[in-house]
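Written out below as structure tokens is the structure these notes cover.
The values are calculated or read from the model by the stated rules, or taken from the named source; none is laboratory data. Computed from a prediction, not measured in an experiment: that's the story for all the values here. With ideal geometry, Cβ positions are generated from the backbone for all residues, glycine too; neighbour counts draw on all protein chains shown. We work out accessible area using only protein heavy atoms, side chains counted, and drop any ligands, DNA or RNA first. Shrake-Rupley method; radii C 1.70, N 1.55, O 1.52, S 1.80 Å.
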Amino acid sequence: MTVPGANRDPSSSALLSVLILNYNGGPFLRPCLDSLRAQTLAEIEVIVIDNASPDGSAEIVAQEYPEVRLLRLEQNLHFCGGNNAGLPLATGEYVAFLNNDTLVVPEWAAEIARAFREHPEVGAVACQMVIADQPELLDNAGTEWLSVLLGHKIGWGQPAADYAQEKVVFGFCGGACALRREVLEQVGAFDEDFQSHYEDVDLSFRVFLAGWKCRYVPTARVYHHISATYGHASPLVIHRTTRNADWVVLKNVPWQVLLKRGPAMALHRLYGLVHWSLRGGGLARLRGHLAAWGKLGKMWRKRQEIQRGTRVGWREIEAGTTKKYIPDSLAASRWARRFRR
């Protein structure tokens with residue numbers, strides 16, 4: 001799949017294109033753009049895609065940041081459609097996606113470019129995202145793929161100092177990541193059927209299946225205001241997360257892995273349904289599952305295209321992506337070691 005506008009102008013001076021999707025980002029947009037102005041890497045371009053915001057935040061960009069390219073959308077295309085709409089404007093060799101409710105350290109862009117330059121096998125970079133009002137704690141250090149066939153943030157709520165080592169991980173968080181342009185040309189951009197949530201896990205899986213590595217770079221540090229756009233654990237978030245998590249499995253997981261891990265997946269999905277039912281989110285969860293399987297035919301066609309481009313065997317996928325799942329209630333217990341690899 002070719003990304004629209006993927007034929008980069010060789011005369012362009014941009015090494016890194018930074019795409020920021022904005023919807024009602026007024027309180028956060030200035031700090032984000034100011035932090036990009038302070039980057040030590042000069043060869044960057046910043047593109048803001050405004051998702052039809054009614055709060056006037058697009059005017060902030062137009063009036064106060066003339067160096068930023070602004071794309072105004074006539075309607076809200078959600079996270080996936082909005083970011084994809086901005087890709088034709090990007091000219092850089094590397095393309096970064098950055099939430100509007102973030103700010104980055106001055107070395108952020110330079111560290112991303114360094115990681116790509118030093119590691120040609122790396123197709124994607126996962127940044128270190130910390131909680132903005134508690135910067136000693138992690139939002140995530142990339143994404144891991146659990147044995148219950150579920151994507152999971154690495155290090156959520158843990159001390160950021162414990163994740164200071166650069167390493168290969170399964171995938172990235174779409175709130176702050178970067179990919180080589182050639183990788184986007186090869187595997188495609190965000191799946192717009194997802195709208196938002198888990199679209200980054202899906203893209204991470206496609207990058208992995210295509211034979212590329214994802215590298216976690218802690219020196220590419222990002223401060224993140226958690227869930228500033230969608231809110232935390234709203235019915236919308238529960239519905240989309242549930243639906244899209246099922247779609248990731250339907251699209252990407254080889255049959256051999258699915259047969260091996262399917263029973264554990266089914267039990268975990270049942271556990272999730274009960275868990276959220278006790279907290280008022282059971283209906284949103286159930287509707288999410290039903291919505292996912294209602295699009296089985298469409299996802300099957302996408303699966304066939306993805307599997308044709310797979311460059312790693314299923315045993316490598318099993319070994320390289322699955323981490324033994326431990327319920328939170330067991331994680332701190334003396335029995336947890338029995339379940340660890």
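Only helices enter this figure: runs of n ≥ 4 DSSP H residues, each worth -39500 (n - 2.57), summed and divided by the residues of the chain, yield -12500 deg cm²/dmol at 222 nm to the nearest 500. When peptides 24-33, 241-250 are ranked by their average number of other Cβ atoms within 10 Å per residue, the highest-first order is 241-250, 24-33. Assuming R0 = 41 Å, can you tell me the calculated FRET efficiency for the pair ARG311 and LEU278, based on Cβ-Cβ distance, to the nearest 0.05? Efficiency, rounded to the nearest 0.05: 0.45. Taking the longest Cα principal axis of the chain as reference, the axis of helix 108-118 is set at about 70 degrees. By the Stokes-Einstein formula, at 0.692 mPa s and 37 °C, segment 146-208 with its Kirkwood radius over alpha-carbon pairs has D equal to 248 µm²/s. Helix 235-252 axis versus longest C-alpha principal axis of the chain: approximately 80°, rounded to the nearest ten.
Using only the Cα atoms of the chain, build the gyration tensor, take square roots of its eigenvalues as a ≥ b ≥ c, and label the shape rounded, prolate or oblate: rounded if a/c is under 1.5, else prolate if a/b is larger than b/c, else oblate. Rounded. What whole-number distance in Å separates the alpha-carbon centres of segment 145-164 and segment 190-211? Answer, in whole Å: 18.
Share of Cα-Cα pairs in segment 87-169 beyond 18 Å, in percent? The answer is 52 percent, as a whole percent. Once R0 is set to 22 Å, what does the formula 1/(1 + (r/R0)^6) return for the Cβ-Cβ distance between GLN75 and ARG301, expressed as a FRET efficiency to the nearest 0.05? For R0 = 22 Å, the calculated efficiency reads 0.25.
Would you please put 306-316, 177-187 in order of how densely packed they are, using the mean number of other Cβ atoms within 10 angstrom per residue and starting with the highest? It would help to have the intermediate numbers written out before the result.
Values: 306-316: 13.2, 177-187: 20.9.
Result, highest mean Cβ count within 10 Å first: 177-187, 306-316.
Taking square-rooted eigenvalues a ≥ b ≥ c of the alpha carbon gyration tensor, is segment 223-313 rounded, prolate or oblate, where a/c under 1.5 means rounded and, failing that, a/b exceeding b/c means prolate? Numbers along the way, then the final one.
Working: a/c = 1.99, a/b = 1.55, b/c = 1.28.
Prolate.
Quick one: pull the percent of accessible area on the chain belonging to carbon and sulfur, 1.4 Å probe, ligands and nucleic acids left out. Here carbon and sulfur together make up 55 percent of the probe-accessible area. For the chain, the longest principal axis of the Cα atoms and the long axis of helix 199-209 meet at an angle of about 80 degrees. Estimated at 0.36 nm per residue, the fully extended path between GLN134 and GLN63 surpasses their Cα-Cα distance by 22.4 nm.
Under the shape rule built on the C-alpha gyration tensor, where the axes satisfy a ≥ b ≥ c, segment 264-321 is oblate, since a/c reaches at least 1.5 while a/b does not exceed b/c.
Can you tell me, using C-alpha contacts under 8 Å and at least 6 residues apart, the relative contact order of the chain as a whole percent?
Details: 678 pairs, mean separation 61.9, N = 341.
Once divided by the residue count of the chain, the mean separation gives 18 percent.
A protection proxy built from the mean count of other Cβ atoms within 10 Å ranks the segments 52-64, 123-135, most packed first, as 123-135, 52-64. Cross-link reach is defined here as a Cα-Cα straight distance under 18 Å, omitting same-chain residues fewer than 8 places apart; for LYS323 the lysines meeting it are LYS153, LYS167, LYS213, LYS260.
Please give the per residue accessible area of segment 185-257, computed with a probe of 1.4 Å over protein heavy atoms only, in Å². Please report the intermediate quantities before stating the final value.
Details: 2260 Å² over 73 residues.
Each residue of segment 185-257 exposes 31 Å² on average to a 1.4 Å probe.
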